[in-house]
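Every number here is computed from the coordinates shown, using simple stated rules; none is lab data. All values derive from a computational prediction rather than experimental measurement. FYI the Cβ positions are ideal-geometry reconstructions off the backbone, even for glycines, and counts take in every protein chain you see.
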Amino acid sequence: MARDYESLFLDYLRVEKGLSPNTIIAYRNDLEKLSKFARSRGKELVSVEREDLIAFIKYLNESGLDAKSIGRVLVTVRGLYKFLILDGYLKRDPSANLETPKSWQSLPKFLIPEEVEKLLASPDLTDKIGIRDKAMLEVLYATGLRVTELVSLRVSDLNLDLGIVTTLGKGSKERTVPMGKSAVNWTRRYLSIRPKLLEGKNSPYLFVGSKGQSITRQSFWKIIVTYGEKARIGHITPHLLRHSFATHLLENGADLRSVQMMLGHSDISTTQIYTHITNERLKEVYKKFHPRA
């Protein structure tokens, strides 16, 4: 009969280590991740090898877990195998000398230009809500605004003649970002039907709901997810368009400092992550097309 190593370890933490119920729950959640991953590779916890754990760490990273969270999972993994060795269930520790990903930095995901076009084409333009959504998506991709900045835009923040928008970013820092012709044109078209959405009400906010209320961060999140699925791109987020904005600018020759200013990053090192994306794509192109790659 197979032993329940997870329960044995959790009982040890509860009884001998005296850990709190909340801490035990956190350990259990981490163990479930490892156990599920091990089963996907046809293994039990006691048959896991070092290579499996390395693959597990990569899996967690690719799943979107940050370095701090992965480090916490590794604490659980090391504790489990230390316990199994001390109690005689294992002779060798597969977690020994595993690197804690303190310096790991996940590359932001982004859409390729063809996917952006599909997304921007997904709203129903025969409907006033569709025209509003089209304008919101166009502005988001054209400016790289954070979703909070987008839904907080006021009509007075626009200068459509100059093709710019002024926004208040993190730390209440004001910045001005170009909009581009397409975003300007769709914003003009949206403004022409905006009074119908307001239904006689007044609002300083640019983008409003069907009864004149301002669009919330959460509601726009749902909007973009719906259009991502409609365009058959998959589950997308507002930040994905921000990442796409920065990546496409750099791929087409924009300098890092200009992109930093448009994104509103206080530290250019934050913006430099996008150069890693473009470098990775260059490597992929090289490997695919160079005869001696």
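The table for this structure:
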| item | result |
| --- | --- |
| Note, ³J(HN,Hα) from phi for the range 82-92, Karplus 6.51, -1.76, 1.60, rounded to Hz, x at Gly and Pro | 5, 5, 5, 6, 4, 8, x, 7, 9, 10, 10 |
| Theoretical FRET efficiency, 1/(1+(r/R0)^6), r = Cβ-Cβ of residue 270 and residue 11, R0 41 Å, to 0.05 | 0.40 |
| Amide H contacts under 5 Å for residue 164, placed H, 5+ residues apart | 159, 179 |
| Helix 217-230 axis, angle to the chain major axis (alpha carbon atoms, nearest 10°) | 90 |
| Pairs beyond 19 Å (Cα-Cα), from 33/109; 128/211; 170/222; 181/201; 134/201 | 33/109; 170/222; 181/201; 134/201 |
| Viscosity 1.306 mPa s, temperature 10 °C, Stokes-Einstein D of the range 5-86 from Kirkwood C-alpha radius, µm²/s | 122 |
| Residue-by-residue Karplus 3J(HN,Hα) for the range 142-152, coefficients 6.51, -1.76, 1.60, Hz, glycine and proline x | 6, 10, x, 5, 5, 4, 5, 5, 5, 6, 8 |
| Along each principal axis, Cα extent of the range 150-219, largest first, Å | 31, 28, 19 |
| Phi-based couplings in Hz for the range 49-63 (Karplus 6.51, -1.76, 1.60; Gly and Pro marked x) | 9, 4, 4, 5, 5, 5, 5, 5, 4, 5, 4, 4, 5, 5, 7 |
| Kirkwood-based shape ratio for the chain, expressed as Rg/Rh from alpha carbons | 1.10 |
| The chain - percent relative contact order, Cα under 8 Å, separation 6 or more | 15 |
| Sequence-distant aspartates and glutamates (8 or more away, or on other chains) whose Cα lies within less than 17 Å of residue 68 | 30, 99 |
| Once the Cα gyration tensor of the range 1-157 is diagonalised, semi-axes √(5λ) in Å | 47, 17, 15 |
| Shape category assigned to the range 118-252 from the gyration tensor of Cα positions, a/c cut at 1.5 | rounded |
| Virtual spin-label span in nm between residue 257 and residue 154, 7 Å along Cα→Cβ | 3.2 |
| By average C-beta atoms within 10 angstrom, highest first, the peptides 73-83, 178-188, 227-237, 129-139 | 129-139, 73-83, 178-188, 227-237 |
